[in-house]
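Everything on this sheet refers to the single structure shown next.
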Amino acid sequence: MTEEHNETPQDRSVIGVYHLVKTYPGQNALDDVNFAIANGEFVFLVGPSGSGKSTLLRMIYMDEYPTSGQVVVGNFVSTRMKRRDIPYLRRRVGIVFQDYKLLEDRTVAENIAIGMRITGAAPFSIKRRVASLLNEIGLYHKREAKPQTLSGGEQQRVAIARALVNHPAILLADEPTGNLDPDSAEDVLRLLFKINNGGTAVLMATHDHSFVQNFGQRIIHLRDGKVYEDKKTGLVGNLSDRLDAIRMDRERQRRVEHAIKRQRTSSLAPTKTE
Amino acid sequence: MWRRILYIVDEALRTVRRHKGLTSISVVIMSLSLLMLAVFLLATDNLLKLVSETQDEMKIYVYLDDAAGQDTIEQLYKTLLTQEEVSGLQFVSKEEALADFKGQLGEDADLIAALRTNPLPNSFWVEPKPEFKTRDAMVALAERFEQLRGVEEVRYGKEFLDKFSSIVKGIYTIDIVVGFIVIMSAIFIIANAVRLTVISRQKTIEILKLVGATNPFIVAPFIIEGAFQGGVAAVLSLILLRIVTEVSRSAIPEINFFSVEKSLVYMLTCILIGALGSFMALRRYLRMR
């Protein structure tokens, strides 16, 4: 990676955010946020919960419009959007959530295919694309399974495949590892890196700052609705080492949380008499 | 294009199949409220038929002066026929009237023989156009006929007409009030039944929006599904209505079931109500915040 994120690549940027302000009654969610994401770039969006990450993502996929300022996604400009343009924007932007948002009454393959079926694509090209995505996420053998029979990590991988089905220019992920155990989180993160290597830009929001420190990626740090820091981190060791370090951190954290929970329940719960 | 239609039909059938329980509940709810509506419509239909049959028999009898000669009768015939309210006219001569009367008397026809002269007058039976078979129009018409030269008397069943028109007026008022209540509650119940199925698929709608489905693509399967439910509910309610009709025929034998055309119109209306209900229930989920 040789190019710098701050070289104002307006012609090559997939997302541009300019003086973005979003106010809700009695609350400033976003306050003069500026950044651009280049084609093929990987960016972590970090910040504590309530710092405006999800709001910012919603502005990007234009579920909401800015109070002032502008969001530009490819050829779509927030100040010039019409309601009927939204679906076409959504096909250029893959979206992944913490809670996967899969349809429980459809198989894994059908969940991935839905994004393409709504475009009226030919059945054979849908089939081919879905098969290739299933291979990419390593779940081809579970293509006929229902989502609820899958683990959380597998479900999130299916959701990522669905987001990619129309070859979007950028993948937005809002706390994609938030519900996952460390191993699955690692799988999902590896998958996102792999996708990024294929040329798709990725913007991943997470509240877990330590989790994303050491991957050598750009980090936009959001705090109280403002960009607090926008920097590129250095690489420390290789990918596996870094993931190992995270796993150990996670494991320690899990143990501590578990111990606290156990203490709390044992002091609150009435003694059993049976 | 055909691919899109295929997608839409496939999606609609899929949701019906997947949500069998919910679909059948809402179909049952729909058919019961439609039955209520159908009973009302059938009652109204029969009532209107009864009224129109009664009206068919309404005639104005214009009795002529015995002094009126052939010229006057012909003149009168022309005058009556050119009235815009009149659709038909029949001349009944003294002799025909007497023969008729004889026929009615049957065995007592001998009484007629005792008569030296024919006491029955020549007459015209005037058939007003249907739109003038109201009480007020008949009265006005009769009054005008009485002024004509050669007319002795005009009869049109005044007492019957008075009673009939006041009964019809009362029935219509009740019918409209009951009809309004029944239609409103049917629409309300159906809208809620449909809303139930839409709410259960809120997540599907949300996801379809996220992956970039255009509104027609999101809405169409639901509308097809609503139409399908409406159609099934219509057939069910017609079957139930048929049973109700057969049962009540033992008390009121004159009851008629809907004609084939009316049944078809009824079914189409129900299909439309189902589709419209889906659309209305969906609208609020499709708006952007």
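The values are calculated or read from the model by the stated rules, or taken from the named source; none is laboratory data. Model, not experiment: these values are computed from the prediction. Quick reminder, even Gly has a Cβ in these numbers, built from the backbone with ideal geometry, and neighbours come from all protein chains shown.
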Practice task
Please verify whether the range B:150-164 includes one or more residues that are among the hydroxyl-bearing types (Ser, Thr, Tyr), modelled with pLDDT of 80 or more and more than 22 Å from the chain's Cα centre (by Cα).
Solution key: yes
Exercise for the section: Return yes or no: is A:VAL96 within 13 Å of chain B (Cβ to nearest Cβ), touching a helix residue (DSSP H, G or I) at 6+ places or on another chain (Cβ under 8 Å) and on the phi < 0 side of the Ramachandran plot? Expected result: yes
Problem - Looking only at the range A:148-196, and only at residues there that are surrounded by fewer than 20 Cβ atoms within 10 Å (Cβ to Cβ) and among the hydroxyl-bearing types (Ser, Thr, Tyr), the one that is nearest to the other protein chains (Cβ to nearest Cβ) - result: A:THR149
Problem - Residue match in the range A:64-72 (condition: within 17 Å of the chain's Cα centre (by Cα) and either closer than 18 Å to A:ASP174 by Cα or within 14 Å of another protein chain (Cβ to nearest Cβ) (or both)) - result: no
Exercise for the section: May I ask you to say which residue of B:LYS94, B:LYS102 is basic (Lys, Arg), more than 19 Å from the chain's Cα centre (by Cα), closer than 22 Å to B:ILE73 by Cα and surrounded by 15 or more Cβ atoms within 10 Å (Cβ to Cβ)? Expected result: B:LYS94
Exercise for the section: Would you be able to say whether some residue in the range A:108-119 is more than 26 Å from B:ILE8 (Cβ to Cβ) and not acidic (Asp, Glu)? Expected result: no
Completion exercise
For A:TYR88, the lone unmet condition from (1) within 21 Å of the chain's Cα centre (by Cα); (2) free of Cβ contacts under 8 Å to residues at least 24 places away in the same chain; (3) more than 9 Å from chain B (Cβ to nearest Cβ) is (3)
Fill in the blank from the handout: When A:PHE211 is run through (1) within 20 Å of A:ALA131 (Cα to Cα); (2) away from every other protein chain (no Cβ under 14 Å); (3) of a type in the set (A, V, I, L, M, F, W, C), the failure sits at (1)
Exercise for the section: Could you grab me the full set of residues in the range B:173-210 that are among the basic types (Lys, Arg) and under 37 Å from the mean Cα position of the chain (by Cα)? Expected result: B:ARG195
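Conditions (1) more than 14 Å from every other protein chain (Cβ to nearest Cβ); (2) touching a helix residue (DSSP H, G or I) at 6+ places or on another chain (Cβ under 6 Å); (3) assigned to a helix (DSSP H, G or I), marked per residue:
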| position | (1), (2), (3) |
| --- | --- |
| B:GLU206 | no, no, yes |
| B:LYS209 | no, no, yes |
| B:PRO216 | no, no, yes |
| B:PRO221 | no, yes, yes |
| B:GLY231 | yes, yes, yes |
| B:LEU241 | yes, yes, yes |
| B:PHE258 | yes, no, no |
Completion exercise
Residues of the range A:157-214 being of a type outside the set (D, E, K, R) and part of a strand (DSSP E or B), in sequence order, are A:ILE170, A:LEU171, A:LEU172, A:ALA173, A:ALA201, A:VAL202, A:LEU203, A:MET204, A:ALA205, A:THR206
Practice task
Could you please find all residues in the range B:169-202 being surrounded by 13 or more Cβ atoms within 10 Å (Cβ to Cβ), within 14 Å of chain A (Cβ to nearest Cβ) and outside any loop (DSSP other than H, G, I, E, B)?
Solution key: B:THR197
Exercise for the section: Exactly one condition in (1) surrounded by fewer than 19 Cβ atoms within 10 Å (Cβ to Cβ); (2) under 18 Å from A:ALA36 (Cα atoms) is not met by A:THR55; state its number. Expected result: (1)
Practice task
Consider A:SER49 carefully, then state whether it is buried (at least 16 other Cβ atoms within 10 Å of the Cβ) and either over 14 Å from the mean Cα position of the chain (by Cα) or more than 8 Å from chain B (Cβ to nearest Cβ) (or both).
Solution key: no
